[in-house]
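Down below is the structure, laid out as structure tokens.
Every number here is computed from the coordinates shown, using simple stated rules; none is lab data. No experiment lies behind these values; they were computed from the predicted model shown. Positions of Cβ are backbone-derived with ideal geometry, glycine not excepted, and every protein chain shown enters the neighbour counts.
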Amino acid sequence: MIATVFAVDVKTQLPAAPRYRPAVFMIVCLAMALTALTTAPACAQPGGAGQFGDPAGEVDGEAPLTPTPFDRQGMWVWYIGSSDGGSVPRILARARAAGVGTVYVKSGDGGDYWSQFSSGLIAALHRGGLDVCAWQFVYGERPAAEARVGAAAVRRGADCLAIDAESAYEGRYAAADRYVRALRARIGAEFPLSLAGFPYVDYHPAFPYSVFFGPEGAGANQPQMYWKAIGTSVRGVYEHTYLFNRLWGRPVYPVGQTYEDPGPRQLLGFRRYAASYGGLPPSWWSWQETSARGWSALGAPADPVRRYRPPVSQPLLKRGSRGDLVVWAQEHLVGAGARLPVSGYFGPRTYAAVRAFQLSRGLLPTGTIEDSTWSPLLQNEPLRPRWSSRRARTRGGAVVSRALPASRPASASLPAKAYEIDPGPAP
């Protein structure tokens, strides 16, 4: 009965398999030979002390958020039929033994829905005590169709939805804007939504993080911190990832790797660093590539790393900086009252706007954005640009709103500095 109900639709799934395959890339600024947990911090430009979530679940001093399926240790499933043979009883037993409370099952690829994410599968996993999240790989070529696919998984009973957007979305601000607007219109503003993308924000200046994490966007951040595939250490991937990802103001739930069989010591180390960086539980890629010893490591006790205090630096932005982090800063400056184009380039006008903001807050007017400026700046609601096109609207023969063409910041044309994770197609 289970094999019949939950059989994988091979015709639907095989043509558009995502990027997730093991590959070790040469990474700028990171030594390829680092494998120990005690490596030096990843190279990135700091800007002073900052804040991050603590083990009690507070973020920047705010009250803990309502628990979501992201708050349980998770495991990602590409093909349900390749995960313990698709047997729900075996999946439930394996999850229970490993302390896994949420499974992320692929539900779509681009504009194509995957039939394996069915209401029957969801109900069976729910009966076994698991939360079930859908995840879809998106490209930005058909954002409205991608939004419909995401909403379809929610209608079937998904507890949350994870957006896997990577290199195909670089520079696609209009597509990201259209996708997020269409998706939220279908699933509601409060439904648990995450972005699972590249972890090193500074490597991808044209990626529209500011759209995916902007107003009405994803409420959770699940960076793919595959340290072994990247070629760094567990400590290195945490320090580089968190330096930039804290600025989005979304709780960070690390995604670690069990593929390539990193070994129990590194898997346990990843969980221990997660405990040190605020205590939010990790999830893992992927079920079908996890070894027996890997499963055992997921269920073992994991305390914070002893005598380790995570760096609390914030990125430094100054004249000449460019990329989506500048877009994010400019959107907050406009939200604070500045008259400023959102270009993604830190030029004279941004410099003047930063100085004016600093003077208004009693800060030293350096014209640079470092920790003392980031904190008050991020308290302002950011501008939400309309990057996607809009048709003219009329009412009673009168024009209510004019047509708007698609647009994007000038920084959207910047190339990636490097790919810490292989963006190529799966074999």
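Some notes on this structure:
- Cα centroid separation - segment 164-243 against segment 335-387, whole Å: 23 Å
- Long-range amide H partners of residue 286 with built H, under 5 Å: 258, 259
- For residue 264, net neighbour charge (Lys/Arg +1, Asp/Glu -1) across residues whose Cβ lies under 11 Å away: +2
- Close amide H pairs (under 5 Å, H built 1.01 Å from N) link residue 104 with 75, 76, 77, 133, residues at least 5 positions away or on another chain.
- Proximity of backbone amide H atoms, modeled 1.01 Å from N, is registered between residue 204 and 417 at under 5 Å, excluding neighbours fewer than 5 places apart on the same chain.
- Taking a Cβ cut-off of under 10 Å around residue 385, the surrounding Lys, Arg, Asp and Glu residues balance to a net charge of +1, with basic ones at +1 and acidic ones at -1.
- Packing-based ranking, highest mean first, of 350-356, 201-207 given that Cβ atoms within 10 Å are counted: 201-207, 350-356
- Residue-by-residue Karplus 3J(HN,Hα) for segment 119-131, coefficients 6.51, -1.76, 1.60, Hz, glycine and proline x: 5, x, 4, 4, 4, 5, 6, 4, 4, x, x, 8, 7
- Per-residue ³J(HN,Hα) for segment 167-175, Karplus 6.51 cos²θ - 1.76 cosθ + 1.60, θ = phi - 60°, Hz, x for Gly and Pro: 4, 4, 8, 5, x, 8, 5, 5, 5
- Alpha carbon centroid spacing (whole Å) that separates segment 272-291 from segment 79-102: 16 Å
- Shape call, segment 243-399: gyration tensor on alpha carbons, a/c limit 1.5: oblate
- Residues residue 398 and residue 306, FRET efficiency given R0 of 51 Å [Cβ-Cβ distance, rounded to 0.05]: 0.15
- 12 Å beta-carbon shell around residue 291, net charge (K/R +1, D/E -1): -2
- Karplus (6.51, -1.76, 1.60) ³J(HN,Hα), θ = phi - 60°, over segment 348-360, in Hz, Gly and Pro reported as x: x, 5, 5, 4, 5, 5, 5, 4, 5, 5, 4, 5, 5
- For segment 239-297, the Rg and Dmax computed from alpha carbons only, in angstrom: 12.2, 37
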